[in-house]
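What follows is a set of notes on a single structure, which appears directly below.
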């Protein structure tokens, strides 16, 4: 577990007269909850740039919902990242389709799926949340809504991703791509602001070479993302079908509600994914979680998943997740 509170005592020889000070140091962490706010945590190494954008908002007292949207927009606009936004690898037919969802501290949420030609699906998802009575819009309806809200239409397919798709067609590789450090599949980002409010965002171009019309867990509230402002939040990465079967992120939050730490909740949720998916050795699934106190954790099936974290006592940095299986 990656601890957010320093309760460590050096194991030196201490006389009996020092016992009261030991007890005090064990019961009174050097970091108060105020010290642990704000916090931002996000999946994979593209989370560093996303965290940086989110932190600019959080550090000046901004709201978590604004931070999570601003953070993942950075990744959506990065054409070098081939699993999110512009430059995302296309489906089997050569079309790039995007999925995203967002959730605020009030439990309000918005989602878009199978969205084409729009650079920032996360912002469209927020517009669904704030400007409609619905939670999810998909396909042509999602695009029509986005255009009506003033989002410009763009070409999402870069030359690099087009070339990769053409090579895939020739080689006829398996439809199921390997989800690893090269093929990140998703950015999920969670934030706790100075007011103690939580929000989360998740956005992706989905699995490379997926079947036309396929939607994974990323835009599904409770699967790819879930936030309960009384408890904490969680987001997922990896093979979406497996996360959906376990209702993964809702499960992580409910496990935290039962008293588990974010780290333990992620571990238990990964075990549930394993229990529900006989092919678990062939897929990757990972979770990150953040609770109301600013404590965080992560766990995955296969080694190779990492995540970015920043809070007042920790500069923005990558952390390797513990895993069920080693490399």
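Each reported figure results from applying straightforward, stated rules to the coordinates on display, with no laboratory input. Predicted, not measured: the structure shown is a model, and the values here were computed from it. Every residue, glycine as well, gets a Cβ built from its backbone with ideal geometry; the counts of neighbours run over all protein chains shown.
Scaled to the globular estimate 2.2 N^0.38 Å, the Cα spread of segment 85-127, given as radius of gyration, is 1.28.
Once the Cβ-Cβ distance of residue 326 and residue 245 is raised to the sixth power relative to R0 = 30 Å, the FRET efficiency obtained is 0.80. For segment 309-323 and segment 135-159, what is the separation of their Cα centres, given in Å? Answer, in whole Å: 33.
Taking only alpha carbon atoms, segment 39-325 gives an Rg to Rh ratio of 0.94, where Rh is the Kirkwood radius. Taking the centroid of alpha carbons for each part, segment 47-95 and segment 235-283 are 23 Å apart.
Subtracting the Cα-Cα distance of residue 164 and residue 132 from 0.36 nm times their residue separation leaves 7.8 nm of extension gain. Applying 0.36 nm per residue to the separation of residue 116 and residue 171 and subtracting their alpha-carbon distance, the gain on full extension is 17.2 nm. Stretching residue 106 away from residue 140 to a fully extended chain increases their span by 9.4 nm, per 0.36 nm per residue minus the current alpha-carbon distance.
In segment 33-128, Rg over Rh equals 1.01, where Rg is the alpha-carbon radius of gyration and Rh the Kirkwood radius from pairwise Cα distances.
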